[in-house]
1. Based on alpha-carbon positions alone, could you give the equivalent ellipsoid semi-axes of the range 100-174 from the gyration tensor, as √(5λ), descending, whole Å?
2. Could you work out the relative contact order of the chain, using alpha carbon pairs under 8 angstrom and six or more residues apart, expressed as a whole percent?
3. Hey, how many Å between the Cα centroid of the range 142-175 and the Cα centroid of the range 66-124?
4. Working from Cα positions, state the angle (0 to 90°, nearest 10) between the long axis of helix 299-309 and the longest principal axis of the chain.
5. Which value at 222 nm does the chain reach when only helices count, each DSSP H run of 4 or more adding -39,500 (n - 2.57), with the total divided by all residues and rounded to the nearest 500 deg cm²/dmol?
6. Starting from 0.36 nm per residue, how many nanometres of slack lie between residue 152 and residue 136 once their C-alpha separation is accounted for?
7. Treat each spin label as a single point 7 Å out from the Cα along the C-beta direction, and report the residue 193 to residue 257 distance in nm.
8. Rounded to the nearest 10 degrees, what's the angle between the helix 39-52 long axis and the longest principal axis of the chain, both from Cα atoms, 0 to 90?
Ligand SMILES: Nc1ncnc2c1ncn2[C@@H]1O[C@H](COP(=O)(O)OP(=O)(O)OP(=O)(O)O)[C@@H](O)[C@H]1O
Ligand SMILES: [Mg+2]
């Protein structure tokens, strides 16, 4: 509740669990101080209230205690005295973070499913002719006594075809058409295997790796080759984001949700971060900010496919210049 000047005059303590502010911290403060857009947002809200008498399900961003910006849904009405003069406002607000995250997941999955179908079909069609080109160029190289310059060109053809084939394999993997071999495995062991493949790279780049794995085995039914690839892709991205060094953290922790056992794997870095406007694009096929030849933009697309095939969820949070955190939730077998 606010007075005519937007100063908070009453604050239900129940809201504290949402915004983390206690009544004492809110009372007497102008409400706009807690809006991310500040006074501008307050003016917008007031003009709607004055025009329509009430505000229903309005989305805005609040700055929670500690500085975190969080999406909220708010509804409010104008308070009037006996003579009909406006004396203040009364409103409620609800944290939308979880709803937004779910919406994003669904949107992302649907978008990728349709791209996946298209890409899988295209990849399949391109794969065979590529094999033919590769075969013929290798045959030519063996069969004839060519000048070095011709050999060099044939080698170029071979290299480029191999490059295309790699990309195609990435697309096929993401669109389901690769073979899957699921077995019972210990996720901690799989993570250690992934780390063993790349961890020698990290100290060289001035990156400290902190690994905190849950002490008990985390058994799930999955494809270990795919899961290794998932972790390697994310860790390589983390390494690329920290060219001047930094800290990578990997944790695993089991938890229970809706009577099912899950494991949460969190991989974070202190790298360059991702600007908010690019965040919705990073799982898209061929989205890359890396220099030509450095990245194809399929790494995270493949990761998304792998997590989905394991009935899991993958999400990302990032602050430019601070770092990035990938969170993967996978259902456990036991
Ligand atoms: N940890 C991270 N920190 C900062 N940016 C990241 C991070 N992970 C991913 N990104 C951004 O997301 C983009 C897409 O990542 P993705 O792994 O799909 O492709 P890539 O790394 O560019 O190429 P590829 O993995 O195919 O070699 C990256 O180019 C980068 O801009
Ligand atoms: Mg990558």
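Derivation of every value follows stated rules applied to the coordinates shown; laboratory data play no part. Please read these numbers as outputs of a predicted model, since none were measured by experiment. When we count neighbours, we look across all protein chains shown, and the Cβ atoms used for this are built from the backbone with ideal geometry, even at glycine.
1. Equivalent ellipsoid of the range 100-174: 39, 11, 6 Å, largest first.
2. 11 percent
3. 48 Å
4. 80 degrees
5. Value at 222 nm, helices only: -14000 deg cm²/dmol.
6. Extra length available between residue 152 and residue 136 comes to 4.3 nm.
7. 2.5 nm
8. That works out to roughly 60 degrees.
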